[in-house]
Amino acid sequence: MTSTLQSKLASGRFVLTAEVCPPKGSDCADFLEKSRKLSGLVDAINVTDNQGATMRISPLAAAALLVREGIEPIFQITCRDRNRLALQSDLLGAAALGIENVLALTGDHISFGDHCAGKPVFDLDSVQLLQAIKGLGAGQDLAGKSVTGAPAFFVGAAAAPEAEPFPLTFYKLEKKVAAGAQFFQTQAIFDPERLRLFSEAVRPLKVKVIAGILLLKSAGMARFVTNNIPGLKVPAPLIEELEAAADPLAAGVAIAGRLAAACKPYCDGLHFMAMGREDLIPEILKAVGGRWSAVGS
Amino acid sequence: MIVSKQKPIDEILAALAGDGKIFLIGCAKCATVCKAGGEEEVWQMQEVLTSAGKEVTGSVVIDEACHMLRSGRDLRAKKEMVEEADALLVLACGAGIQSISAGTPKKTVAGLDTLFLGNIRRFGQFEQKCSLCGECILTETGCICPVTVCPKGLLNGPCGGMDSGHCETDPEKECVWFQIYERLQAQGTVEKLKKTVPQKDFSKMLKPGKLGIGK
Ligand code: SF4
Ligand code: SF4
């Protein structure tokens, strides 16, 4: 079984992915509506896992709902909330439900979210989680016991191309690939030149790079993510640009389009984080050109 | 040493509601260094209890309250005062309190919250550097402990929240993996960061721990 995302990337096609945050509740109507609208546009939809350590419906359930709709999900799974039993158990469940893409993450610290008094787990780190996924794929769990129906996931990991010092994070990226990561989805890129350097650095690792594009909706939101979302730092000139704009949202779309177009030569795909305004992705894509320039118009 | 701090006095008084006569116990070791349960704090607590209308039948500061035999012996030396009390208020760490309560059927109240195994930066400033994981990896990490100092206990390098060498949970603090990286670089052994550290064996720290030397 090969995921569509995997075969598209393997055949050298430029891919698009976008993340959709599952609802805080069991009513998935909106989530599904958004995903349906996106599905014609992107190759796969990332389902986030209690993003920002804020409790939401299980990404496993949300991803399974997408599969049921014929939409290809990327199931994000973090080490924050599950020990090694729960991680492997959910991965097997995901495979049984027809989920083919997994993004293995450490997870934001519990202190950022809405359950600060909870006990963070971090039984495994992201590299060890990747090893677990690889093991399951080979028919073996972390205890060395065999499992039936070994899941053949297309496995991704996160990368932060703009993180400093880069050599330090690079050691970890190498370990992630050695542990089975086949693609990287990056943190939001604000400096395409950094993405170029990053892509060059990881080229010997032979992994696909899907570059993250964040839609900044206003100067206030740009400041908020800078202060509250781990690993995200919006550069001051961009905040000033949003500040000065008569229509900040339109300016945000323009910035995202500009970054997406500038990143395109240095990656194998783009990953959109539209923070609830997934409807604006077609607009952003117009700037990218090629087969998407007609999209949404 | 074990770092502890006194519970809010209202909480202590609420736990002692209905107990008129109290016997007070401190510890001469860690709780003294933490200024949570030494001679001085036992004395201050005596004043507080008295002004709250309680009678303090007596007090003792045990040399090491966690030492089960010694705490039993020290309480026996004050037998009458202990007997007379309605409750014992113990200003020692959780280990100390349990050595004491194991030696007496009396109602025992915990006066301290026990925090962590701490290093002493300077007087009155404590930091957690080790969480007693049972399988020390310091040799591999330039003797900086990621199990403890990284809020996520990550073993294979920094998380995606690291920002210019700072920790996602507190921009004032350096990321432990940045510290390890700098240390190993200075020692010329930064290659150690290439090694993938496998899943940790947490059975080494299964509770409750027990060790008998030479047995
Ligand atoms: S690895 Fe860290 S927590 Fe474990 S024993 Fe060593 S210093 Fe303590
Ligand atoms: S920034 Fe560094 S110390 Fe902080 S949680 Fe991430 S890896 Fe751990």
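Please name the residues of segment A:114-137 whose accessible area, counted over protein heavy atoms with a 1.4 angstrom probe, falls by no less than 40 Å² between the chain alone and the full protein assembly.
Those are A:F122, A:D125, A:Q128, which lose 40 Å² or more relative to the chain on its own.
Go through segment A:77-113 and flag every residue whose accessible area shrinks by 20 Å² or more with all protein chains in place compared to the isolated chain (probe 1.4 Å).
When all protein chains are present, A:R84, A:T106, A:H109, A:F112 each give up 20 Å² or more of accessible surface.
Using the eigenvalues of the Cα gyration tensor, what equivalent ellipsoid semi-axes result for chain B when each is taken as the square root of five times the eigenvalue, whole Å, largest first?
In descending order, the three semi-axes are 43, 19, 14 Å.
Keeping all protein chains in place, calculate the accessible area per residue for segment B:2-116 (probe 1.4 angstrom), answer in Å².
Details: 5590 Å² over 115 residues.
Computed with neighbouring chains in place, this is 49 Å² per residue.
So in the protein assembly as shown, what percent of DSSP beta bridges are antiparallel if you round to the nearest 5?
Details: 13 of 62 bridges.
Beta bridges within the protein assembly as shown, antiparallel portion: roughly 20 percent.
Which whole-number value in Å² is the accessible area per residue of segment A:224-297, probe 1.4 Å? Can you show the working numbers first?
Details: 3300 Å² over 74 residues.
Each residue of segment A:224-297 exposes 45 Å² on average to a 1.4 Å probe.
Given the rule -39500 (n - 2.57) for each run of at least 4 DSSP H residues, summed and divided by the residues of chain A, what is its mean residue ellipticity at 222 nm, to the nearest 500 deg cm²/dmol? Each step should come with its number before you reach the end.
Values: 11 runs with 118 residues, N = 297.
One gets -12000 deg cm²/dmol as the mean residue ellipticity at 222 nm.
Would you work out what percent of the accessible area of segment A:14-167, with all protein chains in place, is carbon or sulfur (probe 1.4 Å)? Mind showing how you got there, number by number?
On the way: 3150 of 5800 Å².
Taking all protein chains in place, segment A:14-167 shows 54 percent carbon and sulfur surface.
How long are the three semi-axes of the equivalent ellipsoid for the protein assembly as shown, computed from the Cα gyration tensor as the root of 5 times each eigenvalue, in whole Å, largest first? It would help to have the intermediate numbers written out before the result.
On the way: eigenvalues 560, 124, 101 Å².
Gyration-tensor ellipsoid for the protein assembly as shown: 53, 25, 22 Å.
Over both sides of the A-B contact, add up the buried accessible area with a 1.4 Å probe and give it to the nearest 100 Å². Each step should come with its number before you reach the end.
Values: alone 12980 and 13010 Å², together 23560 Å².
Chains A and B together bury roughly 2400 Å² of accessible area.
Subtract the Cα-Cα distance of B:A15 and B:E40 from 0.36 nm times their separation in residues, and report this length gain in nm to one decimal. Provide the component values of the computation, followed by the final result.
Values: separation 25, 0.36 × 25 = 9.00 nm, distance 2.18 nm.
Fully extending the segment from B:A15 to B:E40 adds 6.8 nm.
Just to confirm, what accessible area per residue do you get for segment A:4-159 at 1.4 Å probe, in whole Å²?
39 Å²
If the reach is capped at under 16 angstrom between alpha carbons, list the lysines near A:K217, excluding any in the same chain fewer than eight residues apart.
Straight-line reach from A:K217, under 16 Å: A:K233.
Looking at the square roots a ≥ b ≥ c of the eigenvalues of the Cα gyration tensor of segment B:134-204, which shape do they give, rounded for a/c under 1.5, prolate if a/b is larger than b/c, or oblate?
Details: a/c = 1.84, a/b = 1.17, b/c = 1.57.
Judged from the Cα gyration tensor, segment B:134-204 comes out oblate (a/c at least 1.5, b/c at or above a/b).
Rank these by accessible area, largest first, 1.4 Å probe: B:V176, B:V149. All intermediate terms of the calculation are to be shown ahead of the outcome.
On the way: B:V176 5, B:V149 55 Å².
Ranked from most to least accessible, the order is B:V149, B:V176.
Determine the shape class of chain A: with a ≥ b ≥ c the square roots of the Cα gyration tensor eigenvalues, call it rounded for a/c under 1.5, and otherwise prolate if a/b is greater than b/c, oblate otherwise. Spell out each step's value before the answer.
Values: a/c = 1.42, a/b = 1.41, b/c = 1.01.
Rounded, because the longest to shortest axis ratio a/c is under 1.5.
What is the ratio of the Cα radius of gyration of segment B:28-72 to 2.2 N^0.38 Å, where N is its residue count, to two decimals?
Working: Rg = 11.7 Å, N = 45, 2.2 N^0.38 = 9.3 Å.
In units of the globular-protein estimate, segment B:28-72 measures up at 1.25.
Quick check on chain A: of the DSSP beta bridges with both residues there, what percent are antiparallel, nearest 5%?
Numbers: 1 of 34 bridges.
If I count the DSSP bridges inside chain A, around 5 percent turn out antiparallel.
Give the carbon-plus-sulfur fraction of the accessible surface of segment B:2-116 in %, rounded to a whole number; probe 1.4 Å, heavy atoms of protein chains only.
Details: 3000 of 5590 Å².
Carbon and sulfur atoms account for 54 percent of the accessible area of segment B:2-116.
On a 0 to 90° scale, report how tilted helix A:166-178 is relative to the longest principal axis of chain A, with both axes built from alpha carbons and the result rounded to the nearest 10.
Result, in degrees: 40.
Can you give me the relative contact order of segment A:4-159 as a percent, contacts being Cα pairs under 8 Å and 6 or more apart? Write out the running numbers ahead of the final one.
Values: 280 pairs, mean separation 31.5, N = 156.
It rounds to 20 percent for segment A:4-159.
By the gyration tensor of its Cα atoms, with a ≥ b ≥ c the square roots of the eigenvalues, what is the shape of segment A:1-136: rounded for a/c under 1.5, prolate for a/b over b/c, or oblate? Write out the running numbers ahead of the final one.
Values: a/c = 1.88, a/b = 1.27, b/c = 1.48.
Because a/c hits 1.5 or more and a/b fails to exceed b/c, segment A:1-136 counts as oblate.
Determine the percent antiparallel among the DSSP beta bridges restricted to segment A:4-159, to the nearest 5. Can you show the working numbers first?
Numbers: 1 of 17 bridges.
Looking only at bridges with both residues in segment A:4-159, the antiparallel portion is about 5 percent.
Mind scanning B:K79/B:K106; B:K152/B:K173; B:K129/B:K173; B:K173/B:K194 and naming the pairs with a C-alpha gap bigger than 19 Å?
Numbers: B:K79/B:K106 12 Å; B:K152/B:K173 14 Å; B:K129/B:K173 14 Å; B:K173/B:K194 24 Å.
Over 19 Å apart, Cα to Cα: B:K173/B:K194.
The values are calculated or read from the model by the stated rules, or taken from the named source; none is laboratory data. Because the structure is predicted, anything quoted here is derived from the model rather than measured. Heavy atoms of the whole protein, side chains included, go into the accessibility calculation; ligands, DNA and RNA do not. Shrake-Rupley method; radii C 1.70, N 1.55, O 1.52, S 1.80 Å.
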